[in-house]
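Presented below is the structure to which this report refers.
Read-outs throughout are calculated quantities, based only on the coordinates presented, and are distinct from any laboratory measurement. As the structure is a prediction and not an experimental result, all values here were calculated from the model. Please note: Cβ atoms are built from the backbone with ideal geometry, for glycine as well, and neighbour counts cover all protein chains shown.
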Amino acid sequence: MERVPRSEVESRLRRIQAWMQATSVDAVLILQNADLFYFSGTVQVGLLCLPASGEPLYLVQKSLSRARMESPWERLVPINSLKQAPDLLEGEGLGRLGRVGLELDVLPASYYLRFRSLLPKVDLVDASDAIRRVRMIKSAFEVREIREAAAMLERAFNEIPGWMRPGVSEIELHARLEGFLRLQGHQGLTRMRGFNNEIAYGTLSSGPSACYPTLFPGPVGFVGLYPGIPNGGGRRQLAEGDPLMADIVGGRGGYIADKARTFVIGEVARDMREAHEFVLRMMREIEAMLRPRVACAEIYRFSLARVKDSPYAANYMGVGDSQVRFVGHGVGLELDELPVLASSFDMPLEPGMTIAVEPKIFFPERGGVGIENTYLITDTGFENLTPFKEEIIPATDGPPPGGSA
């Protein structure tokens, strides 16, 4: 099992400490899993204290022994209850805290109220934007993990055409794909920061399934198996001529890559093929804008202008009330990281950002076409981390879906 190097967590700590020192914050307290892993190299039940100077203190409830195996940090102290936190912080020289940052975008209100009670003299402030901006810029170590996540997607997407047959259900194809990915080392979980946002591997949506209403904050619709878990593929069977939208997340070491391609048994209708070709031209134009200092909002506004006078404006990036108002999003430890290519995000692109760009067009009651790539912003432009054929990919005469992975 690969561990996060000490040099990696030290670099991350220095960057959040720079924000603390600039804003007179004495410490940041971390409880959320993705942030715990980012700053400590392990995910254990407890409280991670990042001081404005010096090394972190991780108060670990479960499992201390595993934390000692995985985290590069040395100040790992057992704790049985959050009530002990003030005394343990004071015992480690962190008792005189004036302003403390919390992950207020994800911290449950009950925890906030407990901190208010446990630290009554402390000014609690929001550190979530600072944390997300630190995590937004990826190191070489993180990019390597994302590359590995992307590589497993490439291997899986090479297999999909051979698994497609008329009459095969979306859920059968999903099971095949998920089993293949797990054997490639997929982590089996996709973390998201947004409240109530849930997804496993993504979706394989055939024909009108891609237009089905969904609460998920993405453009592709899916039916799922039950209203209680409205996620992923359903029982609809693949049919000749129906586009199959494969929008799948690779995951390795906690890090993810996001990728989508359109497949078909036979051929799609001419208007769908022309819409897909339109998307590919737009993607080339968006790629020309993926360089440092270009504003995220500028890219999104360009995409809207590009489709405005086309036949596709009404169903660009979703159908009806499932339409989304972005064309790309950051990826890393979570699927919904900064930056977002949307009208409200004026932040400029910077080297080290990893962004999934996903222009897609839908035909109500018929299906969707389009692609998605994960890009690394470099000093001079971009690198596509998910290269793969982009035209609509036909099914092939591969092994039947019941064969071995």
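If each of GLU391 and LYS308 carries a label point 7 Å out from its Cα toward its Cβ, how far apart are those two points in nm?
With each label point 7 Å from Cα toward Cβ, the separation is 3.3 nm.
Using the Cα atoms of region 51-117 to build a convex hull, what is its mean projected area in square nanometres?
Here the figure is 5.3 nm², rounded to one decimal.
Just need the relative contact order of region 6-135 here, percent rounded to a whole number, with Cα pairs under 8 Å and 6+ apart.
In percent, rounded to a whole number, it is 24.
Report, in deg cm²/dmol and to the nearest 500, the calculated mean residue ellipticity at 222 nm for the chain, where each DSSP H run with n ≥ 4 adds -39500 (n - 2.57) and the sum is divided by the residue count.
So the helix-based figure for the chain works out to -10000 deg cm²/dmol.
Going by amide H atoms built from the backbone, whose H comes under 5 Å of the H on GLN61, apart from near neighbours?
VAL45, GLY46, LEU47, ILE79
What ranking do VAL294, VAL122 get, fewest neighbouring Cβ atoms within 10 angstrom at the top?
Neighbour counts put them in this order, fewest first: VAL294, VAL122.
Order these peptides, 378-384, 276-282, by their mean beta-carbon neighbour count within 10 angstrom, highest first.
The packing order, highest mean first, is 276-282, 378-384.
Could you rank the peptides 39-46, 193-200 by their average count of other C-beta atoms within 10 Å per residue, with the highest value first?
Descending packing order for the listed peptides: 39-46, 193-200.
Please list 3J(HN,Hα) in residue order for region 179-196, calculated via the Karplus relation 6.51 cos²θ - 1.76 cosθ + 1.60 where θ = phi - 60°; whole Hz, with x for glycine and proline.
Whole-Hz 3J(HN,Hα) from phi for region 179-196: x, 4, 5, 4, 5, 7, x, 4, 6, x, 8, 10, 7, 9, 8, x, 4, 6.
Taking the number of other C-beta atoms within 10 Å as the exposure measure, put MET245, MET353 in order starting with the fewest.
MET353, MET245
³J(HN,Hα) across region 325-340 via Karplus (A = 6.51, B = -1.76, C = 1.60, θ = phi - 60°), whole Hz, x for Gly/Pro?
So the Karplus estimates, Gly and Pro as x, are 10, 7, 10, x, 8, x, 9, x, 6, 10, 7, 10, 8, 7, x, 10 Hz.
Give the total of Lys-Lys pairs in the chain with Cα-Cα distances below 19 Å; include a pair only if its members are 8 or more places apart or on different chains.
Count of close lysine pairs: 7.
Can you run phi through the Karplus equation (6.51, -1.76, 1.60; θ = phi - 60°) for region 207-216 and list ³J(HN,Hα) in whole Hz, with x for Gly and Pro?
Values, residue by residue: x, x, 4, 5, 9, 5, x, 8, 7, 5 Hz.
Among TRP163, TRP73, rank each residue by its count of other Cβ atoms within 10 Å, from fewest to most, as a rough exposure measure.
By the 10 Å Cβ count, ascending, the order reads TRP73, TRP163.
Between region 156-195 and region 225-249, how far is it from one alpha carbon centroid to the other, in angstrom?
When both Cα centres are located, 11 Å separates them.
Need one word for region 137-394: rounded, prolate or oblate. Basis is the Cα gyration tensor (sqrt eigenvalues a ≥ b ≥ c); a/c below 1.5 gives rounded, then a/b vs b/c decides.
Oblate.
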